[in-house]
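The values are calculated or read from the model by the stated rules, or taken from the named source; none is laboratory data. As the structure is a computational prediction, the values presented were derived from the model and not from experiment. Please note: Cβ atoms are built from the backbone with ideal geometry, for glycine as well, and neighbour counts cover all protein chains shown. Remember, those area values only see protein heavy atoms, side chains included, never the ligands or the DNA or RNA. Shrake-Rupley method; radii C 1.70, N 1.55, O 1.52, S 1.80 Å.
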Amino acid sequence: MIIRNPCISNIKAGYLFPEIAKRRREFAAAHPEAEIISLGVGNTTEPILPHIDRGLTEGARKLGTAEGYSGYSDEGLLSLRERISEVFYKKQFAPEEIFISDGAKCDIGRLQLLFGSGTPAAVQDPSYPVYVDGSVLIGAAGPWNGTGYQGITYLPCTAENDYFPDLTRLPSQGLIYFCSPNNPTGAVADREQLTALVKAALAAGSLIIFDAAYSEYIRDPQLPKSIFEIDGARACAVEVNSFSKPAGFTGVRLGWTVVPKELRYAGGESVNADWARVCGTIFNGASNISQAGGLAALEPEGLREIRELSDFYLGNAKLIRTALRKLGISCVGGDNSPYIWAKFPGRDSWEVFAEILEQCWVVTTPGSGFGPAGQSFIRFSAFGHRSDVETACKRLEKLQP
Ligand code: PL4
């Protein structure tokens, strides 16, 4: 029979979110009376708001007409790429530098393929598991050495360093996955910190994959929403972003990646040209309907709706944070991000996850699933109906911190 891909054998555990779903199913099967509420996976719950919804339905309707029909749109609608440049980047990028995708996670996977198995990587610890698991799957990292995967530099981000890593440990000529606002801690790097990151990446000859999937949750006007607000970033960074969390497109699927033209490899070749080559080979473009929705989302009324929707989830975040603090549980995040990062000193994350599920019927995400520095933490997601969040907060009072 065919031999298993050894990179897959290197993966230590199941992917975090299906593992949580499995444990939820097992608990529900054993306790059919439990009315479970999820503050686990960061999955949007509220209906798409009317203007954006009209964009989507109109996009679908047009496909049924001779004048409005369209087929493949590999690199994305020109009008959408231009509008993204205008809304998010003060028009600093040409349309050829913006690639429309079916979401940030899918682009992270394709970026991993672009840089291949020989490139070392550094991650914020804790961080979104796709950076590490995807690196293992393509053979850029692994096997597991007891505390982490070989080939990955884990950069602890804790209260002690203000959730910003020690940049002296960056790999040379490697990838740096950096997510701000961070999933799971909710920490947002300030301008000074991102300037230091860009300088360090340039000095190390490394490339930053900046994940800005939660940028529309930033409310503090002093905090940068994009790595491209920082001088020098065009020579050392790509940015992935998404309509999932701001517009409720987790199921619709739409995102984008910015790859500046001046970004070069050590040998002088263009990263932008290679990215176009990789995407052209293994991706056939985002859905035309999603893109029509994305265009509506970036019109003034759509942007107002993005603000309204993200304000709603931030309202949930405030309720969760307040409830936890009232119980004496120390936590951060939730002010410029939809995640609250709560500490349970000396405890195992999965044990606390089980306790919250059993005592409160609330699903959370164990911090250790985001990296070694996440041990003893729990992530609470603010994506939920308001009544569910209120009920969950009430039930959390059963916890003994
Ligand atoms: C569960 C930092 C959530 N099945 O929807 P996309 O692909 O545009 O964006 C995904 C994404 C990208 N970057 C960051 C993210 O946190 C996410 C989504 N993360 C979470 O609970 O951490 C959903 C996870 C989903 C998944 O595996 O992505």
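Between Ser310, Ser337, Ser70, which gets the highest mean-square fluctuation from a Gaussian network model of the chain, Cα cutoff 10 Å?
Fluctuation is largest for Ser70.
Quickly estimate the mean residue ellipticity at 222 nm for the chain, helices only: each DSSP H run with n ≥ 4 gives -39500 (n - 2.57), and the total goes over all residues, rounded to 500.
-12000 deg cm²/dmol
Once region 1-134 is represented by equal point scatterers at the alpha-carbon sites, with solvent omitted, what log10 I(q)/I(0) does the Debye formula produce at q = 0.10, 0.23 Å⁻¹?
Each listed q corresponds, in turn, to -0.64, -1.41.
Tell me, which longest segment in the chain has none of the chymotrypsin sites (Phe, Trp or Tyr not before Pro) that fall in DSSP loops with at most 11 further Cβ atoms within 10 Å? Each step should come with its number before you reach the end.
Working: sites that count: Tyr69, Tyr72.
Between the exposed loop sites, the longest stretch runs 73-401.
Could you give the accessible area per residue of region 337-379, probe 1.4 Å, as a whole number in Å²? Walk me through the numbers before you get to the answer.
Values: 1220 Å² over 43 residues.
Solvent-accessible surface per residue comes out at 28 Å².
Residue by residue, what Karplus-based ³J(HN,Hα) values in Hz, rounded to whole numbers, does region 186-202 have, using 6.51, -1.76 and 1.60 with θ = phi - 60° and x for Gly and Pro?
Running phi through 6.51 cos²θ - 1.76 cosθ + 1.60 with θ = phi - 60° gives x, 6, 10, 6, 8, 4, 4, 5, 5, 5, 5, 5, 5, 4, 5, 5, 4 Hz.
Output the pairs from Lys22/Lys225; Lys12/Lys90; Lys22/Lys394 with a Cα-Cα distance over 31 Å in this structure; if there are none, say none.
Working: Lys22/Lys225 35 Å; Lys12/Lys90 43 Å; Lys22/Lys394 25 Å.
Going by Cα-Cα distance, Lys22/Lys225; Lys12/Lys90 fall outside the 31 Å limit.
How high is the relative contact order of the chain, given as a whole-number percent (alpha carbon pairs under 8 Å, six or more residues apart)? If you can, show how the numbers build up before the last one.
Details: 803 pairs, mean separation 91.4, N = 401.
Once divided by the residue count of the chain, the mean separation gives 23 percent.
Which of these, Val271, Val136, Val258, has the largest mean-square fluctuation under a Gaussian network model of the chain (Cα springs below 10 Å)?
Val271
Which semi-axis lengths, in whole Å and largest first, follow from the square roots of five times the eigenvalues of the Cα gyration tensor of region 297-347? Don't jump to the answer; show the numbers that get you there.
Numbers: eigenvalues 182, 19, 6 Å².
Working from the Cα gyration tensor, I get semi-axes of 30, 10, 5 Å.
Report the dimensions of the chain along its three principal axes from the alpha-carbon atoms, largest first, rounded to Å.
56, 56, 50
Out of Ala140, Ala247, Ala203, any idea which swings most in a Gaussian network model of the chain, alpha carbons joined below 10 Å?
Ala203
With a sphere of radius 9 Å drawn around the Cβ of Trp256, what net charge do the other residues whose Cβ falls strictly inside it have (Lys, Arg +1; Asp, Glu -1)?
On the way: positive: Arg81; negative: Asp107, Glu239.
My count for the surroundings of Trp256 gives -1.
Expected output is a single nm value to one decimal: the length gained when fully extending between Lys22 and Glu86, i.e. 0.36 nm times separation in residues minus the C-alpha distance. What is it? List each step's numbers first, then the result.
Details: separation 64, 0.36 × 64 = 23.04 nm, distance 4.24 nm.
Result for the pair: 18.8 nm of gain on full extension.
Counting pairwise Cα distances across region 193-326, what percent come out greater than 23 angstrom? Walk me through the numbers before you get to the answer.
Details: 4233 of 8911 pairs.
That tail contains 48 percent of the Cα-Cα pairs.
Can you tell me what share of the DSSP beta bridges in the chain is antiparallel? A percent to the nearest 5 is fine.
Values: 20 of 39 bridges.
Given both bridge residues lie in the chain, the antiparallel proportion sits at roughly 50 percent.
For region 297-330 and region 225-288, what is the separation of their C-alpha centers, rounded to whole Å?
Using only Cα atoms to place each centre, the spacing works out to 27 Å.
In nm, to one decimal, how far is the Ser70 label point from the Ala94 one, both placed 7 Å along Cα→Cβ?
Taking the two extended label points, one gets 2.1 nm.
Measuring with a 1.4 Å probe in the full set of protein chains, what accessible area per residue, in whole Å², belongs to region 51-300?
Per residue, region 51-300 has 39 Å² of solvent-accessible surface.
Can you check what the net charge comes to around Leu78, using other residues whose Cβ is under 15 Å from the Cβ of Leu78 (Lys, Arg +1; Asp, Glu -1)?
Neighbourhood net charge equals -3.
Quick one: net charge of Asn161's neighbours, Cβ under 12 Å, K/R +1, D/E -1?
Details: positive: Arg169; negative: Asp125, Glu160, Asp162, Asp166.
The answer is -3.
Counting only protein heavy atoms, what percent of the accessible surface of the chain is carbon or sulfur at a 1.4 Å probe? Intermediate values should be presented prior to the final figure.
Working: 9230 of 17110 Å².
Ligands and nucleic acids excluded, carbon and sulfur give 54 percent.
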